[in-house]
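Accompanying notes for the structure given below.
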Amino acid sequence: MTKRISKRKLIILAATLAIMLVALIAYRYHGTWQLLSTKSFSQAEIVSQVRRHMALDVLLVVPLLILFSFIPGAPVSTVGIVAGICFGKGLGAVLNIVGITLGNIISQHVYGLIEARHTTDEPAKIVQSIENMQHPLWGVIIGYTIPFIPTSLVSLAAVKTNVSTRQLTVATLIGSMPTAIIYAFGGDELINAHFKSLLWLVVVIVLLVGLLWIIRKDRRRVNKV
């Protein structure tokens, strides 16, 4: 019971900090959005206006990504896309990779320390699937790679695997990179109105979802043994 309360308190604290960061970022960009809504700008001018703020916002976005990666159900993708909008695909991708990877690693350590359980009595299917894989590190990589799978569930599954911390850290970095880059590219293409490129990103995401087949296939091998 104490462990569950501790987890709840940590999530509440993380959510409170995340709300404060969102409010601060919204405040800093309020003038920019207001200006864009009252005047007509070319596409290049819009991008220039949105990306006027840099140094301090970098220090705000990374912690926000870390917190959103830790909070169950938090829309990490939204923050990742906003990073692409505000910082471009290059810097946005770097910020996303750093923030999301650190958030996932921190989540693993926290879940490992308090032996967290999901809200239901039975573990989520994705947690069971990764835990029962013959090659669980592949499951962790794939779980973090697919945008539609909540990262909190993958982190929970990760701490249930019998692999070294170093291996898990490398797997987390590799798995976090594709979605981090996709979010940044998506945000950059969105603000530049490159809608055809966005269609290609959708195709890539659909292909990534197909990686779930590997998790199912590897799990069936274990069940047959």
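A few points about this structure:
- Separation of the HIS109 and ASN192 label points, Cα + 7 Å toward Cβ, nm: 3.6
- In range of the label at LEU24: residues from the stretch 62-96 whose backbone nitrogen is under 11 Å from the point 7 Å along Cα→Cβ: 62-64
- Per-residue Cβ neighbour rank within 10 angstrom, fewest leading, MET133, MET177: MET177, MET133
- Between ARG216 and GLN134, the distance separating the two model label sites (each 7 Å from Cα on the Cα→Cβ line) works out to 1.8 nm.
- Karplus-derived HN-Hα couplings along the stretch 82-91 (A = 6.51, B = -1.76, C = 1.60, θ = phi - 60°), whole Hz, x at Gly and Pro: 4, 4, x, 5, 7, 10, x, 5, x, 5
- Added length on full extension, which subtracts the Cα-Cα distance from 0.36 nm per residue, ARG8 to LEU59: 15.8 nm
- Net charge over other residues, Cβ less than 10 angstrom from the Cβ of LYS89 (K, R count +1; D, E count -1): -2
Read the figures in this text as sums done on the coordinates, not as results from a lab. It should be emphasised that the depicted structure is a prediction, and the values quoted were computed from it without experimental measurement. Cβ: placed from backbone, ideal geometry, glycine included. Neighbour counts: every protein chain shown.
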